[in-house]
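Reviewing the structure listed below.
Throughout, read-outs are computed from the coordinates displayed, never taken from laboratory work. Source: prediction; values computed, not measured. Methodologically, a virtual Cβ is constructed for each residue, glycine included, from the backbone with ideal geometry; neighbour enumeration extends over all protein chains shown.
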């Protein structure tokens, strides 16, 4: 699949790591390439406290880039003593429009699971207080993630999305019933992603986002390469065909969904 020559609708990469190796050293080039491909916005995701300054600085420098602040589950052990107020204070920055990524990862188990769960709940609490969306990472932890989300929603609603969704359809339906949004990455273009492709067809149009998770998970036809935000076009075009939608329609819808979820982005633009 190749990129169409023009794209009249806006298209947003809702999850990328512009300050990670592979992108950081050529950030200007990466952003220019993506803009030429029709990408009109980028959410630059943080995964540990020491990244926050640089991630936010990129968003300060680039008017079409926004930032999140949060702790990835891989980093939970190193941030077990991170005070709630530290995260809360970081969300006050005008370019910080979301919280995360945070969640649970039982596949690699790089941090103690109990610490992951505690930190996840702390992120949820701050999301609830601030109204900023929580960007959730979950891998091989469907049951605990669903149980925590259900329990926490019972204490009071909060905006959230599951990024780079690869879980079961049952888990997907659970989080959709809780009101969450689902973001799909280039994984949906992989030949062995049949179950994910089937579920992608049933995601309500108003609950769908697209992302790259760059520099990881380059979509077809770029597999094996360093992923870039420009490649969100390939994922969007694949999804449009999969769902029987026009690419312009899907681009416009997912961009509208982004601003409806990340409402602070409108003020930070």
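Pull out the extension gain between residue 61 and residue 241, defined as 0.36 nm times the separation in residues minus the alpha carbon to alpha carbon distance; nm, one decimal.
61.3 nm
If you stretched the chain out fully between residue 201 and residue 107, how much longer would it get, using 0.36 nm times the residue separation minus the C-alpha to C-alpha distance?
Here the answer is 31.2 nm.
Apply 1/(1 + (r/R0)^6) to the Cβ-Cβ distance of residue 143 and residue 24, taking R0 = 25 Å, and write down the FRET efficiency to the nearest 0.05.
Once rounded, the FRET efficiency stands at 0.10.
Nearest 500 deg cm²/dmol is fine: what mean residue ellipticity at 222 nm does the chain get from its DSSP H runs of n ≥ 4 alone, each adding -39,500 (n - 2.57), divided by its residue count?
After summing the helix terms and dividing by the residues of the chain, the value is -12000 deg cm²/dmol.
Just to be sure I understand the model, the point goes 7 Å from the Cα along the line to the Cβ. What's the resulting residue 88 to residue 176 distance in nm?
Taking the simple label geometry, residue 88 and residue 176 are separated by 3.6 nm.
Going by how many other Cβ atoms sit within 10 Å of their own, how do 232, 115 line up, fewest first?
By the 10 Å Cβ count, ascending, the order reads 115, 232.
What whole number of Å gives the distance from the Cα centroid of segment 90-108 to the Cα centroid of segment 22-54?
Measuring centre to centre over Cα atoms gives 16 Å.
Post the alpha-carbon centroid distance, segment 127-189 to segment 201-248, in whole angstrom.
One Cα centre to the other: 19 Å.
Give me 163, 93 ranked fewest to most by other Cβ atoms within 10 Å of their Cβ, as a rough exposure proxy.
So the residues, fewest neighbours to most, are 93, 163.
Enumerate the residues in segment 33-70 having an amide nitrogen under 16 Å from the point lying 7 Å beyond the Cα of residue 225 toward its Cβ.
Those under the cut-off are 33-39.
Sorted by average packing, counted as other Cβ atoms within 10 angstrom per residue and highest first, what order do 251-258, 104-111, 8-15 take?
8-15, 251-258, 104-111
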